[in-house]
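**Student:** What follows is a single structure, and I will ask about it in a moment.
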Amino acid sequence: MLKYIERKQTDSTKWDGLESMFGEKDLLSLWVADMDFQVCDCVIEKLKEYLEFGVLGYYKEPEGYKQSFINWEKTYHNYELNKEWIRYSPGVVPAINWFIQILTERNDSVIVLTPVYYPFLDAVKNNGRKLIESDLINEHGSYTINFKDFEDKIIENNVKLFILCSPHNPVGRVWKRDELQSLINICKKHNVKVISDEIHQDIVIGKNKHIPTAAVSDYDSIVTLTAGTKTFNLAACKNSFVIIPNTEILKAFDNFVQCIRIPSGNTFGYIAVQSAYEKGREWLKEILKQIQENYLYIKETFNKELPLVEISPLEGTYLTWINLGSYIEGEDVERFIKEKCKLALDFGEWFGGERFNNYVRMNIATSKENVAKAVNQIIHEIQMMKNK
Ligand SMILES: Cc1ncc(COP(=O)(O)O)c(C=O)c1O
């Protein structure tokens with residue numbers, strides 16, 4: 001049974017960081033991507049055991065830690081990993097920033113598929129690289145890749161690095177094998193290195209299937225970043241996996257972490273992540289069921305009450321991409337959502353600029369009650385506006 005936890009006044013970014021992010025405290029929070037559910041029992045038991053032992057001294061990586069991840073990848077993603085390829089980082093976003101420094105030079109061009117998770121955009125800009133955006137093609141809320149635009153922009157800008165989000169935050173796509181192959185073929189042809197952020201790899205809905213990018217081709221200049229963070233709600237553990245099959249990139253990475261002296265992670269992270277990979281599968285199934293149910297509720301309720309609200313199909317992630325543009329002017333969406341609906345959502349503009357300002361992203365890894373409240377607040381406020 002999933003256990004919903006009231007998280008206000010627990011120093012949670014999502015619930016207690018509202019004022020700094022949205023300028024208001026009193027909002028229903030469905031933004032930052034973590035879950036309002038207690039982690040699986042196996043994680044709590046193992047962490048308790050460690051705390052009861054009572055010595056928090058230096059601690060090496062546990063013997064079975066990497067093997068638990070290798071087994072998970074093999075069992076659920078049919079991906080054969082070599083232990084030698086696996087490294088640690090304290091988060092996927094830090095690793096993206098590291099790899100921008102490792103794989104590119106100042107002013108080099110880096111390409112992304114927009115709209116995309118905004119720390120990708122910040123990482124490129126903050127590291128003094130040139131951001132190249134290739135917009136996904138949007139047909140009534142269903143997104144595909146514009147391969148011609150992607151390749152043209154790589155050639156025009158002499159792009160050195162591609163940062164892929166797979167599954168894609170915020171549009172909820174789980175990329176198909178042929179889509180990944182086409183992307184990688186283009187990258188290989190133009191010698192573009194690839195970072196594949198697969199942190200949402202296990203949050204896949206229905207019959208959709210996540211395919212590891214590195215498994216679709218023999219191109220080995222692909223670095224994969226993933227973690228138990230989204231799968232098991234372990235963001236606090238700051239523990240991610242970096243997978244580097246290419247020996248030169250691996251050497252460059254090892255040199256880099258040697259210089260910043262972050263060669264390994266914290267003990268709580270190792271223990272939590274290993275136990276979740278070993279025993280968390282049933283808990284994950286419950287989560288996926290809840291996400292699917294919440295998504296169907298959103299889809300059906302909007303279809304019935306406000307059919308012009310466009311909800312993108314949710315193939316993966318627990319983030320729903322919603323287009324309010326038929327009812328509200330893009331420039332008014334932010335004010336409407338905060339001031340009228342009293343909601344904290346991620347605003348479309350964050351994911352690539354003003355051209356996405358009709359959209360909001362709603363995190364639905366929460367109770368059905370919270371989702372229903374948010375949806376009904378939006379419907380109510382739009383209907384009030386229409387009736388004026
Ligand atoms: C695509 C994607 N990558 C990375 C992250 C965050 O990763 P981390 O907390 O490991 O830095 C998120 C969190 O929302 C995400 O959606």
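The numbers here are math on the coordinates, done by the rules we state, and not lab data. What you are looking at is a predicted structure, and each value in this text was computed from that prediction instead of being measured.
**Student:** Given the pairs Lys60/Lys230; Lys14/Lys193; Lys304/Lys388, which span a C-alpha to C-alpha distance of over 32 angstrom in this model? Before the final figure, lay out the partial values.
**Tutor:** Working: Lys60/Lys230 24 Å; Lys14/Lys193 34 Å; Lys304/Lys388 21 Å.
The answer is Lys14/Lys193.
**Student:** What list of ³J(HN,Hα) couplings, whole Hz, do you get for region 149-157 from phi and the Karplus terms 6.51, -1.76, 1.60, once you set θ to phi - 60° and write x for glycine and proline?
**Tutor:** Coupling constants for region 149-157: 4, 4, 6, 4, 5, 4, 5, 4, 9 Hz.
**Student:** Students often forget the sequence filter, so: which aspartates and glutamates lie under 14 Å Cα-Cα from Lys289 once same-chain residues fewer than 8 apart are removed?
**Tutor:** Asp202, Glu315
**Student:** Over the Cα atoms of region 45-279, what Rg and Dmax result, in angstrom?
**Tutor:** Spelled out, the Cα radius of gyration and Dmax of region 45-279 are 17.9, 59 Å.
**Student:** Going down the list Lys125/Lys188; Lys25/Lys373; Lys125/Lys160; Lys3/Lys340, which pairs span over 19 Å between their C-alpha atoms?
**Tutor:** Details: Lys125/Lys188 24 Å; Lys25/Lys373 17 Å; Lys125/Lys160 15 Å; Lys3/Lys340 30 Å.
From the list (Lys125/Lys188; Lys25/Lys373; Lys125/Lys160; Lys3/Lys340), the Cα-Cα distance tops 19 Å for Lys125/Lys188; Lys3/Lys340.
**Student:** Round to a whole angstrom and tell me the spacing of the C-alpha centers of region 315-342 and region 65-140.
**Tutor:** That distance is 27 Å.
**Student:** Most fluctuating residue of Ser326, Ser12, Ser20 in a GNM of the chain with Cα springs under 10 Å: which is it?
**Tutor:** Its mean-square fluctuation being the largest, the pick is Ser20.
**Student:** From the phi angles alone, apply the Karplus equation (6.51, -1.76, 1.60; θ = phi - 60°) to region 338-350 and give each ³J(HN,Hα) in whole Hz, x where the residue is Gly or Pro.
**Tutor:** Along region 338-350, the couplings run 7, 7, 8, 7, 6, 10, 10, 10, 7, 8, x, 4, 4 Hz.
**Student:** Next question, about the same structure. Could you identify which residue out of Ser89, Ser196, Ser217 has the top mean-square fluctuation in a GNM of the chain using Cα springs shorter than 10 Å?
**Tutor:** It is Ser217.
**Student:** If the elastic network links every pair of Cα atoms under 10 Å, which of Lys368, Lys160, Lys60 fluctuates the most in the Gaussian network model of the chain?
**Tutor:** Result: Lys60 has the largest fluctuation of those listed.
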